[in-house]
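Worksheet for the structure shown next.
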């Protein structure tokens, strides 16, 4: 089974087009070989006028897929488009370096009604869903359970994106949040200091002014979550860590010097946290890239989170 993270941009746009009765086609990478630039499950949405959202390659086959999608929409059929070095189109689509790619293109009329809204609902609930790409009968639909796969049937498990929980509405957060969202993280910002954690300072992000321990208790924490504490204030950071260290988060990072981290360890061990639990914390937060500015520190933290996320993927 192919497993991919929810692509909010594609599903949000598709659900809007679906409501407006807009003609469109969904292209999904089903197989890759060699040096093809996108993984199986990558998706691209093509509107009847050629407007696209997402991608199925690094740009090398998009043109051919758009052209094919327009014809597929006109004829109301599906097609498995294959590109590779053995094809006469290989040089023209940019796969002359040795990669091969199979892309299933399905027009809206052959996609289950309401599928994209259902996938948006799955995203909002942070659950998973399985869609079936059936090449034999030319359809894409959501299924309840995994079915037997074959040469003509592919199951794709759509899972929640990683979620970043940030404690501290500080300058670093203003850089970290847009970068994290840009690479695919959902973000929740937590800071009980309401004059710091405002929608004006942090537009377009979920902000909680609850105390961190209370905020985290309201969230369904899982191994798709990670936590970064940035306030340097033990009254704010430590309660969040006490909840996080008892939860299956894939990464926990704390800003501060080695001296600050040592003091943090003493406090948390005294509060009942074990050595093994404490060792889960990255402190000081971020990969060592000699970061100095708030933006550079945000980059180092995000790089560490991506490393932890992909290590467990």
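The values are calculated or read from the model by the stated rules, or taken from the named source; none is laboratory data. Here the structure is a predicted model, which is why all the values come from computation and not from measurement. Cβ atoms come from the backbone with ideal geometry, glycine included; neighbour counts cover every protein chain shown.
For the reader, a short list of remarks on this structure follows.
- In the stretch 161-186, residue nearest to residue 124 (Cα to Cα) [restricted to those that are touching a helix residue (DSSP H, G or I) at 6+ places or on another chain (Cβ under 6 Å) and surrounded by fewer than 20 Cβ atoms within 10 Å (Cβ to Cβ)]: 179
- Hey, residue 187 assigned by TED's automatic domain parsing to the domain that holds residue 303 and touching a residue at least 40 places away in the same chain (Cβ under 8 Å) or not: no
- The residue that is surrounded by the most Cβ atoms within 10 Å (Cβ to Cβ), counting only those in the stretch 142-160 that are over 24 Å from residue 19 (Cβ atoms) and in contact (Cβ under 8 Å) with a residue 24 or more places away in the chain, is 154.
- Flag for residue 114 being out of contact with any strand residue (DSSP E or B) (no Cβ under 7 Å at 6 or more places or on another chain), buried (at least 17 other Cβ atoms within 10 Å of the Cβ) and either modelled with pLDDT under 95 or closer than 30 Å to residue 238 by Cβ (or both): no
One line per residue, one yes/no per condition, for (1) under 22 Å from residue 72 (Cα atoms); (2) in the same structural domain as residue 40 (by TED's automatic domain parsing); (3) at pLDDT below 90:
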site: 88; (1), (2), (3): yes, yes, yes
site: 102; (1), (2), (3): yes, yes, no
site: 109; (1), (2), (3): yes, yes, no
site: 127; (1), (2), (3): no, yes, yes
site: 130; (1), (2), (3): no, yes, no
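- Scanning the stretch 205-230 for residues that are more than 15 Å from residue 252 (Cβ to Cβ) and either buried (at least 20 other Cβ atoms within 10 Å of the Cβ) or touching a residue at least 12 places away in the same chain (Cβ under 8 Å) (or both) yields a count of 10.
- Segments classed as helices (runs of 4 or more DSSP H), wholly inside the stretch 232-313, with at least 1 members that are under 15 Å from residue 173 (Cα atoms): 234-244, 294-311
- Any hit, the stretch 191-206, residues being over 17 Å from the mean Cα position of the chain (by Cα) and not in a loop (DSSP other than H, G, I, E, B): no
- Count of the stretch 51-74 residues which are under 19 Å from the mean Cα position of the chain (by Cα) and part of a loop (DSSP other than H, G, I, E, B): 4
- Test: residue in the stretch 23-30 that is touching a helix residue (DSSP H, G or I) at 6+ places or on another chain (Cβ under 6 Å), touching a residue at least 60 places away in the same chain (Cβ under 8 Å), closer than 20 Å to residue 72 by Cα and part of a loop (DSSP other than H, G, I, E, B): yes
- Candidate set from the stretch 124-141 (those that are outside any loop (DSSP other than H, G, I, E, B) and touching a helix residue (DSSP H, G or I) at 6+ places or on another chain (Cβ under 6 Å)); member that is nearest to residue 21 (Cα to Cα): 139
- Under the condition of being within 19 Å of residue 111 (Cα to Cα), in contact with a strand residue (DSSP E or B) (Cβ under 8 Å, 6 or more places away or on another chain) and without any contact (Cβ under 8 Å) to a residue 24 or more places away in the chain, the residues counted in the stretch 56-76 number 1.
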